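The values are calculated or read from the model by the stated rules, or taken from the named source; none is laboratory data. Predicted model, so just to flag it, every value in this text is computed and none were measured. Every residue, glycine among them, receives a Cβ derived from its backbone with ideal geometry; neighbour counts consider all protein chains shown.
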Amino acid sequence: MSPEAAVSVPGKAILLGEHAAVYGYPALVTAVDLRLTVTARVTGDGRITVDGSSEFRTGAMSAAEAMGFSGGAEAPGDRLAYLACGTALAHADAPSGTGLALRIASDIPPGAGLGSSAALSVGVVAAVFTALGLRVAAGTIAEVAKRVEARQHGRPSGVDVEAVLRGGTLWCRRTAEGTLACAPLSTAQAGLTRLELYHTGAPAESTGDMVASVGLLREREPRRVNAALASIEAATLAARDALAAGLDADRALLPLMARAEAALEALEVVPADVARAIRAIEAQGGAAKVSGAGGRAAGGGLVLVLPAPGGAATVPSQWKRLHARLGAPGLLEDVAA
Ligand code: MEV
């Protein structure tokens, strides 16, 4: 029997810059130490099987069908693991009889703005390459995983994939050539010790829905949307400068998070009840913002909360605190399965 490849990948939280990143503006993003583990073994039976909790849709699919996903056929949204596997097999030019057995386990809640689909894409792609005996550069894993995300989300900026692949805390910006450049911030620079993470409920909308709705709003109301994107950019640049200057990051971030949140509300990606709760946190002297794609009707996914200096924040009782280290390691290979 061929050896089993095993990898693990963290989740992510966007500190500042979501939605604006889709239009080439910068983003500050950090890896969150909730991890997804993938094992992969070559079976040679021409089938892909995915084993794990129901969110990964256990079942089987022919490798040929999964590889067809990567050629432009419409990919069912609930078959991301198969799509990622097929895209990696196609990239590797694997023979048609190649089969793979995948096992996936995850601590990253789906629909929580924590990059669960980026982690799944990167984890499956990396595990498949390793199971095939291929040693590929991180840049290749990123390129293939971004192709998977593009099939799922239409227009991903790529920051989610970079965050979970590289780990740490990253400053990401699209270059003049159109590629995404990401540079690590040192742990000391990114000492965001008081930032709290809350899951406020899974949005009804997917990331793709939210990105598309901002795009439509931009067509209808370009001035409002462009002003909001510029405001997010200004907050993101100021946060990067404050972190790089070694300033008290938590204190420096308070007004910048409030500014970015106001812009996200102008983009209509914050449900009304979440916005109300954030106003209450601001009234306590703290700041909070949606992190990731957000939502419209109910459930804003991930919200980052920075309590007032020396104080604590009171948040709605239904918000679920997530305790996880920020700036976590990225993709780890050969983890114990
Ligand atoms: C999703 O985590 C972040 C968005 O900016 C989309 C993207 O950057 O691809 C909403």
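Counting only helices (runs of 4 or more DSSP H) that fall entirely inside the stretch 110-191 and contain at least 1 residues that are surrounded by fewer than 24 Cβ atoms within 10 Å (Cβ to Cβ), touching a Lys or Arg at 6+ places or on another chain (Cβ under 9 Å) and aliphatic (A, V, I, L, M), the qualifying elements are 138-153. Here T87, T98 are screened, and the one residue that is more than 22 Å from P329 (Cα to Cα), in contact with a helix residue (DSSP H, G or I) (Cβ under 6 Å, 6 or more places away or on another chain) and either modelled with pLDDT under 90 or not assigned by TED's automatic domain parsing to the domain that holds A13 (or both) is T98. Per the listing V144, V225, the residue uniquely assigned by TED's automatic domain parsing to the domain that holds T37 and over 17 Å from I14 (Cα atoms) is V144. Take the residues of the stretch 92-149 that are hydrophobic (A, V, I, L, M, F, W, C) and without any contact (Cβ under 8 Å) to a residue 12 or more places away in the chain: which is farthest from G46 (Cα to Cα)? Step by step, filter the stretch 92-149, then rank; the result is A137.
Just so you know, in the stretch 105-127 the residues that are of a type in the set (A, V, I, L, M) and within 18 Å of T87 (Cβ to Cβ) include one that is nearest to the ligand (Cβ to nearest atom), and it is A118.
Regarding G292, is this residue within 15 Å of the ligand (Cβ to nearest atom), farther than 17 Å from T30 by Cα, of a type outside the set (D, E) and crowded, with 24+ Cβ neighbours inside 10 Å? Criteria not met by G292.
Being in contact with a helix residue (DSSP H, G or I) (Cβ under 7 Å, 6 or more places away or on another chain) and touching a residue at least 40 places away in the same chain (Cβ under 8 Å) holds for only one residue in L197, L237, L165, and it is L165.
Where residues in the stretch 303-328 are part of a loop (DSSP other than H, G, I, E, B) and among the β-branched types (V, I, T), which of them is nearest to the ligand (Cβ to nearest atom)? So, considering only residues that are part of a loop (DSSP other than H, G, I, E, B) and among the β-branched types (V, I, T), the one nearest to the ligand (Cβ to nearest atom) is V315. Considering only residues that are among the hydroxyl-bearing types (S, T, Y) and under 21 Å from the mean Cα position of the chain (by Cα), which ones fall in the stretch 185-241? Result: S186, T187, T193, Y198, T200, S206, T207, S213, T236.
Evaluate the stretch 285-306: report whether one residue or more is of a type in the set (S, T, N, Q) and out of contact with any strand residue (DSSP E or B) (no Cβ under 6 Å at 6 or more places or on another chain). No.
So that you can scan it fast, the table gives a plain yes or no per residue for (1) among the aromatic types (F, W, Y); (2) closer than 21 Å to S116 by Cα; (3) without any contact (Cβ under 8 Å) to a residue 24 or more places away in the chain:
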| site | (1), (2), (3) |
| --- | --- |
| D273 | no, no, no |
| G295 | no, yes, no |
| A312 | no, no, yes |
| P316 | no, no, no |
| L322 | no, yes, no |
| A328 | no, yes, no |
| D334 | no, yes, no |
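Across the stretch 157-172, a minimum of one residue is classified as aliphatic (A, V, I, L, M) and more than 12 Å from the ligand (Cβ to nearest atom).
Take the stretch 192-206 and flag every residue that is touching a Gly at 6+ places or on another chain (Cβ under 9 Å) and modelled with pLDDT under 90. L192, S206, listed by residue number. Of all the listed residues (G215, G300, G246), the sole one being in a helix (DSSP H, G or I) and either outside the structural domain of E149 (by TED's automatic domain parsing) or crowded, with 20+ Cβ neighbours inside 10 Å (or both) is G215.
For G201, the stated conditions do not hold, so it cannot be described as part of a loop (DSSP other than H, G, I, E, B) and over 21 Å from L36 (Cα atoms).
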